[in-house]
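The values are calculated or read from the model by the stated rules, or taken from the named source; none is laboratory data. Please read these numbers as outputs of a predicted model, since none were measured by experiment. Glycine also receives a Cβ, built like all others from the backbone with ideal geometry; neighbour counts cover every protein chain displayed.
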Amino acid sequence: MAKSVIIIGGGIIGLCTAYYLQKEGHKVTVIDKSDYSSGASYVNAGFITPSHIISLAAPGMINKGIKWMLNSESPFYVKPRLDLDFLKWAWYFKKASTQKK
Ligand SMILES: Cc1cc2nc3c(=O)[nH]c(=O)nc-3n(C[C@H](O)[C@H](O)[C@H](O)COP(=O)(O)OP(=O)(O)OC[C@H]3O[C@@H](n4cnc5c(N)ncnc54)[C@H](O)[C@@H]3O)c2cc1C
């Protein structure tokens, strides 16, 4: 029997849920508090992949990351520069890269 469903949140999870419920014949309404320009699904540019469920900030990533940053062919190349915001980000990333976290 078709049901009326309200989904709160129009990120990838809400929209996928809406899509499949609608496909099954339910009447779906998606409500979002924003204009869809602030959720995680928006800022990650729509890229959802199972390989990224393991957090990037893991022990050993700093050494790997530094090597990658200097290699323009790597997935993490960052043009070397003295940028305070970037150095702050790198410091917080390093602090988060612990076994416990
Ligand atoms: C910078 C960044 C990079 C990422 N990169 C990757 C990646 O490479 N691969 C990958 O798989 N994942 C990545 N992720 C994670 C992935 O984006 C999230 O896990 C996923 O988008 C979460 O989707 P969601 O629908 O649960 O949440 P969201 O996309 O955050 O959607 C939640 C929605 O609910 C709305 N909302 C919240 N509260 C309310 C309320 N009270 N009432 C109404 N609406 C509300 C918000 O406005 C928002 O639109 C990344 C995340 C970030 C931030």
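Residues that are in contact (Cβ under 8 Å) with a residue 24 or more places away in the chain and closer than 18 Å to Lys67 by Cα within segment 77-101 comprise Phe93, Lys94, Ser97, listed in sequence order. Considering only residues that are surrounded by 10 or more Cβ atoms within 10 Å (Cβ to Cβ) and among the β-branched types (Val, Ile, Thr), look in segment 30-61 and name the one that is modelled with the lowest pLDDT. Here the residue is Ile48. The set of residues in segment 1-42 being away from the ligand (no atom under 12 Å from the Cβ) and either under 21 Å from the mean Cα position of the chain (by Cα) or touching a residue at least 60 places away in the same chain (Cβ under 8 Å) (or both) consists of Tyr19 alone. Here is a check on your reading of the model: is Pro80 within 30 Å of Gly10 (Cβ to Cβ), outside the structural domain of Ile12 (by TED's automatic domain parsing) and modelled with pLDDT under 85? No, not satisfied.
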